[in-house]
Structure formats: C-alpha cells, structure tokens
Amino acid sequence: MTRSAHWFLLVLMIAGLGLLVMSCSDDDDGPTNPDSDTGIVIVVTRTDNPDVPGTWSLDGPGGTQTGSGTATLEDLDAGDYTVSWNDIEGWITPDPRDGTLGGGRTLTLSGTYEFIPPPIELDITIDPNPNDLNASWVLHLPDESVQGGQGDEVLEDLGAGDYMLVWGDVVGYVTPDTLWGEELEEDFTFSATYDPEPDPFGDFVTITAGTFTMGDAEGDADELPVRTVTLTNDFSISETEITNIQFANLMFWALGEGHATLDGDLLLDNLDGSTDVLYDFGEDGVEITLVDGSYTTTCSACPVTFVSWKAAAAYCDWLSLQEGLTRAYDHADWTCNGGAPYDATGYRLPTEAEWEYACRGGLDTDFGNGDMPANYVPCSTSSPLNDIGWYCGNAPERSQPVQRLEANDFLLYDMHGNAWEWCNDWYADSYDAGETIDPEGPASGDGEHVIRGGSWYSEQIDCRSANRYPYPSPVFTSFRPVRTLD
C-alpha cells in the first residue's frame, strides 16, 4: 500500500471516530444492545441528605412513572422522556430534564436539590452609657428600614446583614461615633459612652491695661465727644459671648445651690431677698427648653439671647460664687460693688470703656480688622466685618455658633455682631469730655443699660466698635463677663 493510501485510511478512521463521539449526548451512556427496541433510563437525584431523597415523575412513551432518590428503570420504550422533581420545603427544586432514549441505549437524567438555609434570627442589644441619660438612637437595618428608641433596649429576631447605629445628641455630652455591624449572623451589641462635653467656650483672655481713643467723630451723637481713656487695671474677659450651654449649666448649678428658683418657665432671683424675673424660657425665640429637671437646646454653641441685664449680672455672681469669689452685685438695688466696678473681686459685666477697648483689639478702626467701605452698603459682604462678625450681610437669619469667624487681635470672638452685649453702665447720651481714667458711667439711669456690638440682623454701622444703644429689652441680647485682675 502506498504512503498516500495509508494516509487516506487514517483520515477515514479519525472521521468515523468523530461521528461516533458526536452521536452520543451527555445523558446517553451508549448502546448496550443495538438490536433492542427498549432501553434503560437512570434518574439521578442529589440532595446531600439521605433523609430527603427527593421524589420525581418520569413521563415517556409508556406513560408516567414515579419514584424517589436515584433509580434505574429498565426495558423502557425508546422515545422522548422528561423527569420532573417535586418540591421539598427548604430546598430549591431542580429544573426538569429531558432526553431521547434510543433502542438498546441508556439515558441518564440527573438533578440536584439546593438546600435553602433557614433565615438567621439574631438579637441586637443597644447600650448607651451612662444609663441615666436615656440617649436616643436610630438603627438602620439590612432591609433599609430603621428603628428608633431611647436608652437600653434589645431588639429580637432580626435578620442577618449589615447594621448601622446612629446615636442622638445629648446636650452637654460628646455624641459617640456612628457604629457599624457588618454581615452580622449572631447576636450583637452596640455600646457607646457619652463623655461630658468639654466646655470650649469657658476660657478668659487677659487684657493688659492701656490707653485708647473712645468714641467716633464720624459716628452718632452719643459717641461724642471723642475722648482719651486710660484703663489702669488688667482684666480678664470671656473670649466669647456666653453660650446656651454655659448659661443653662451654670443656671442649674445656681438652682441647686438655692441662688435662684424656677416658677414654670420663669427663672427667679433668690439672692439678697430679690425675686426678680431673670429669664423667661417660654419666650418666643428662646433656644433653651426646660425638660423634666434638665434642658435641651437647639444650638448649644450659640450665644444665649433674650437675656435681661439682671440675668447677665446674676450669671456673673453665680460664676463668682462657684469659684469662691466675692460676688460683685447687690441684688437689692443691683449696684456693682457699691458703684466701684473696677474694685470688685468677682465677675461682673464690662464697663463701656472696657468693652470698647477689648473690641478694638488695639486698633483705631470701625471694626477689629478694618474700616467700613467708603461706599457704604448696609449688608454688603465686601466689608471687613464679613470676616469677623455675623450681621445682616452674612448671617443666615439667626445667631450663629461662636468662634466660627476670625478673632480680633486680642483673641476675642464675635465682639461684632451675632448678639448684642450688655455693659455694666447705665446709658448717658454723651461722654464726659477730656482725658478720663477708668470711667464708670452714670451712677443711675431710667431703666436703660448700654448694649454694644450689634447682632446677626444688624447693619454694618450698628456693629462698629464705638456704636452704643440704650436698651430696656432683652431681645437678641447676650453678654460676656469680665473680672479685674490684681
């Protein structure tokens, strides 16, 4: 035989083998008796659990046969067959399988049940501390629903998955970070501790005694005559206006010590026989709400407002008493240290001279960082005031948290705008002329003490260092204590 003949025979053999392979399906085990009109059907059922074999129905030319598990059915007529498995609770049923049985052949039809794990049920424990805070929280569940509550609680029979716990704010405490529980499949506890909030607004700045020009030759009539003022005492002054949280915390201390009392929403004085109303927590606009012997506030770091002059003076006295100092005010007639404020050893409100000296920060300009623009526009944001004070040009319709803007050169915040500030002095419509040392203001007045600095709704001109107003009302007024230093 020639070499080409050998190659031709080899090609025919390979082609024949390919045709044989192509004639067998995955479920056909090949012929066992090519001359027979019947064959064998093998139904294979997999469940990985001998106690759950799985039942099925086999439809073919001879009708329907049923069984369970894995079975071998012999002498079945050639033709098309379909096996369908019955549902088993807790398992995914395999899809029906079909195939063609040839004479003398074996057809295998197989299916696998997939086990469905039972749903995981777990308990979530929520544990905020200290317990007496009864802190609020919101739990985000894997199904994107939320549950809220307060204090300690156990939520039972929840599903597996990702959880997120958001803690609510508690006045006077640092809110813990949001907690995550990822891919939880077992009971889990969310626990966190509320630490007392450090008071970031309690610092006092020391102002060194000195001489400055008080008043404004181009200002209002009551800012005249411009005079040279010398302050002979160093003094400390609060770096910010007293905030809601500061006022409320010290007030509750004073209540506990018997220095004040509450009558509904009214805070009443209780020193030197005085029962004067100091504060009305029911007033519209007040940001402190009394709640079951405690309080909440809509803005703990905002300056306390709606404060009367007497309430501001009382706060200074509470601060003195808390620190073991002699208080400055006689609550019978509300005089400050017998009319000698600079000689008081305790805390008090600043004299007008001290306030303006501190506000200017060593400068002789309209604001503690520059002058108003020549083309004056009441609420223009092109003014230097935009960087140092909240006023009608930049405040979003309310007072703002302290220390958000730049301090002046004496490191004092919000001396311009945000809230008007009480001074110790009674109002007079002009200054004494000439050089003055430690001015004290009038000995008495007709019910109007001086406010300074402007507020969040004020125009630029009202926020100037030299600007002053007589004020009988506590609306939008706050304060900052001072103390004469030895």
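Computed from the coordinates by the stated procedures, all read-outs in this text should not be read as laboratory data. None of these values were measured; they are calculated from a predicted model. No Cβ is skipped: glycine too gets one built from the backbone with ideal geometry, and neighbour counts run over all protein chains shown.
Summary of computed values
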quantity	calculated
Coil-residue GluC sites (Glu not before Pro) of the range 275-325, DSSP, other Cβ within 10 Å capped at 10	Glu323
Top positive-direction residue, dipole computed over the chain with Cβ charges, set Pro472, Leu485, Gly362	Gly362
Calculated on alpha-carbon atoms, Rg and Dmax of the chain in Å	43.4, 141
Shape call, the range 244-283: gyration tensor on alpha carbons, a/c limit 1.5	oblate
Isotropically averaged projected area of the range 98-157, using the convex hull of Cα atoms (one quarter of hull area), nm²	6.6 nm²
Taking His416, His449 and counting other C-beta atoms within 10 Å, the order from fewest to most	His449, His416
Exposure proxy order (Cβ contacts within 10 Å, fewest to most) of Glu239, Glu182, Glu257	Glu182, Glu257, Glu239
Overall Cα dimensions of the range 70-203 - principal axes, largest extent first, Å	100, 24, 18
Estimated inter-spin distance, Ile437 and Asn86, nm [label 7 Å along Cα→Cβ]	11.3 nm
Amide proton proximity set for Ser110, modelled H, under 5 Å, gap of 5+	Val44
Order of Arg404, Arg452 - criterion: other Cβ atoms within 10 Å of each residue's Cβ, fewest first	Arg404, Arg452
Dipole magnitude of the range 24-115 about its Cα centre (Cβ charges: Lys, Arg +1; Asp, Glu -1), debye to nearest 20	100 debye
Degrees between helix 309-322 axis and first principal axis of the chain (Cα, 0 to 90, nearest 10)	80 degrees
Those GluC sites (Glu not before Pro) in the range 129-172 that DSSP places in a loop and that have at most 13 other beta carbons within 10 Å	Glu144
The range 122-196, relative contact order [Cα under 8 Å, separation at least 6], %	39 percent
Only Lys, Arg (+1) and Asp, Glu (-1) charged, at Cβ; the range 122-196 dipole about Cα centre in debye	400 debye
